[in-house]
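Here's the structure, in structure tokens; my notes come after.
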Amino acid sequence: MSPARAVLLIFALLAGAFLLPSPSPAAGPVSLPALAPLPLPTSPPENPTTPEKVNLGKMLFFDRRLSGDGTMNCATCHDPENGFADALPISLSYPTTRNWRNSPGLVNVAYRKTLFHDGRATSLEEQALSR
């Protein structure tokens, strides 16, 4: 981290400490909601989830034939050992190119409202048709 960035971070933390209201003992303890499992994700009515589709998805996720040059699969960038992300600041792409951002993790992706870094897809079906 550069010295200028470190100074900005310290100022931001200090500003937050002064701008946020301090807790009032008269307000009493704060109760947080209990942790619970997430509800099952919903499927579009026109494309319900089936065990066969889940198995097909697993097979396709690791199939290199779907890449542009046949050398990579989804797990190349969305590595199961790294939370289905790549753990790199900038993702690798095909052997001769580099991306300009990293691969987002796929854990709990079924609950996201938008997909891609810029949110241009609102469903997995829409994302599959995009590049």
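Where a number appears in this text, it was derived from the coordinates with a stated rule and is not lab data. It should be emphasised that the depicted structure is a prediction, and the values quoted were computed from it without experimental measurement.
Between amide H atoms placed 1.01 Å from N, distances below 5 Å from Asp79 occur with Phe84, Ala85, Asp86, all of them 5 or more places distant or on a separate chain. Volume of the convex hull of segment 51-124 (Cα atoms only), normalised per residue: 109 Å³.
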